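To start, the structure itself, in structure tokens.
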Amino acid sequence: MSKQYSLLNIGKVVAGANSIEQIAVLTNQCGVDNVVIITDQGVWNAGLVEKPKTILEDAGIRVHVINNTPPEPTVDQVDEIFQAAKAVACRMVIGIGGGSSIDTAKIVSLLLTNDVALRDLVKGKVQLVRRGVPTLMVPTTAGTGAEATPNAIVLVPEEELKIGIVNEKMLPDCVVLDPVMTLNLPKAITANTGMDALCHAIECYISKKANPLSDTFALKAVELISRSIRTAYNEGQNLAAREDMLVGAMYGGVAIASSGTTAVHALSYPLGGKYHIPHGLSNAILLPDVMKFNMDACEEKCKDLAVAMGLDVSGCTTREAAEKMIAELYALIEDLHVTCDLKAKGIDEAALDGMIEAAAKVTRLLDNNPKVVTKDDMRAIYRKLL
């Protein structure tokens, strides 16, 4: 019997170079005149908020900016941002930045219309009755795909773990994909976020929740990212490559909304939760080893991924094609100079037990993996990173 599956859609997407110029039109279509922009210091200091803020104000829209979203926000930090947004009685939340800013914006939107405590929401103790105030998301990295997902990740320090809130009410109303906003991304961030986007697409394709709808977006995301990530890294001002990366990252987010990530993300959460390794970087360093572990359980799909990555697998057996795909993942890590000295972060053999226990709690993602991941398997994968 065929399983049931669904596709969750963003309200409206406007894409292409200089599409940020449509931000006031989109805001007016939502019928609001008082907005809050949630961003981070890096995006703010880079001047990326200046143009959309001016466009909104020129259209007669009041704009309040909260620019202190941290890279990996904790529950309390997100709650502080919510309180600041509540104080200005905003009627729309605009997230400009990477996954942390966009996730925070989605959560703030919900808290503005639902009388619930964020900690209770994170722990699954409360239900969301109402959709949040309208949201508009402008990603400035091509990574998380958060602009297309019903998910938001927050750090719970006392558990030393990142926890995902998943609710359809968090799907954004509007998204602007303007590659110009990503042209000046530093090379390291281009690499880490780009590999994160590739992670999403690959994991969603091999996930137990994969389906014909998610597969369509996942494979196209793999194609777009694979053909352009090296160019975006080496030629940061290449607009076509930046657009491929931005659209590919969003497609990865759409795939997440229909399917779901797997063991790569489950094992990465402790790296971010306790050791504060950026989300994209932790996923990137885990991807080749976890996929090598998974390969024998999804060889056919690995061959499909090899084709989507543009690899020549003519004349190859399924196994050989899958091995080529794994080899390409290792090559990408090397070519993009994706490295992380775990020992410098305080991670050694003695730290593995705690990481394994934390990762084992992420059953929401481990259950999606095509192959059972035991604690011994986790230890072996983590060891390869030391």
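Considered as a group, the residues in segment 341-369 that are on the phi < 0 side of the Ramachandran plot, open to solvent by 30 Å² or more (accessible area, probe 1.4 Å) and in a loop (DSSP other than H, G, I, E, B) include one that is modelled with the lowest pLDDT, and that residue is Asp341.
In segment 108-132, the residues that are under 14 Å from Val78 (Cβ atoms) and touching a residue at least 60 places away in the same chain (Cβ under 8 Å) reach residues that are surrounded by 13 or more Cβ atoms within 10 Å (Cβ to Cβ) and among the β-branched types (Val, Ile, Thr) with C-beta atoms within less than 8 angstrom, at least six apart or across chains, in these pairs: Val108/Val36; Val108/Ile38; Val108/Val78; Val108/Ile81; Val108/Val93; Ser109/Val93; Ser109/Val133; Ser109/Thr135. Within the set Ile94, Ile37, the sole residue that is β-branched (Val, Ile, Thr), open to solvent by less than 60 Å² (accessible area, probe 1.4 Å), in contact with a His (Cβ under 8 Å, 6 or more places away or on another chain) and closer than 19 Å to Ile10 by Cβ turns out to be Ile37. Filtering segment 199-218 to residues that are crowded, with 22+ Cβ neighbours inside 10 Å, in contact (Cβ under 8 Å) with a residue 60 or more places away in the chain and assigned to a helix (DSSP H, G or I) leaves Cys199, His200, Ile202, Glu203, Tyr205, Ile206, Ser214. Total residues in segment 217-241 satisfying the condition of being more than 16 Å from Met325 (Cβ to Cβ) and among the aliphatic types (A, V, I, L, M): the figure is 5.
Could you say whether any residue in segment 274-285 is among the β-branched types (Val, Ile, Thr), in a loop (DSSP other than H, G, I, E, B) and modelled with pLDDT of 95 or more? No: zero hits. If only residues of segment 148-167 that are within 16 Å of Thr69 (Cα to Cα) and under 11 Å from the mean Cα position of the chain (by Cα) are counted, the one that is surrounded by the fewest Cβ atoms within 10 Å (Cβ to Cβ) is Ile153.
Kindly provide the set of residues from segment 40-59 that are touching a Pro at 6+ places or on another chain (Cβ under 9 Å), open to solvent by less than 80 Å² (accessible area, probe 1.4 Å) and not in a loop (DSSP other than H, G, I, E, B), ordered by number. Within segment 40-59, Gly42 is the sole residue that qualifies.
Has segment 177-197 got any residue that is in a strand (DSSP E or B) and out of contact with any Asp or Glu (no Cβ under 7 Å at 6 or more places or on another chain)? Yes, there is a match, as at least one residue in segment 177-197 is in a strand (DSSP E or B) and out of contact with any Asp or Glu (no Cβ under 7 Å at 6 or more places or on another chain).
Is there a residue being more than 15 Å from Ile102 (Cβ to Cβ), open to solvent by less than 70 Å² (accessible area, probe 1.4 Å) and at pLDDT below 95 anywhere in segment 64-74? Yes, segment 64-74 contains a residue that is more than 15 Å from Ile102 (Cβ to Cβ), open to solvent by less than 70 Å² (accessible area, probe 1.4 Å) and at pLDDT below 95.
I'd like the full set of residues that are touching a Gly at 6+ places or on another chain (Cβ under 8 Å) and open to solvent by less than 10 Å² (accessible area, probe 1.4 Å), limited to segment 180-198. Result: Thr190, Gly194, Met195, Asp196, Ala197, Leu198.
The values are calculated or read from the model by the stated rules, or taken from the named source; none is laboratory data. As the structure is a computational prediction, the values presented were derived from the model and not from experiment. So basically every Cβ, Gly included, is an ideal-geometry build from the backbone, and we count neighbours across all protein chains shown. Keep in mind that these areas ignore ligands, DNA and RNA; they rest on the heavy atoms of the full protein, side chains included. Shrake-Rupley method; radii C 1.70, N 1.55, O 1.52, S 1.80 Å.
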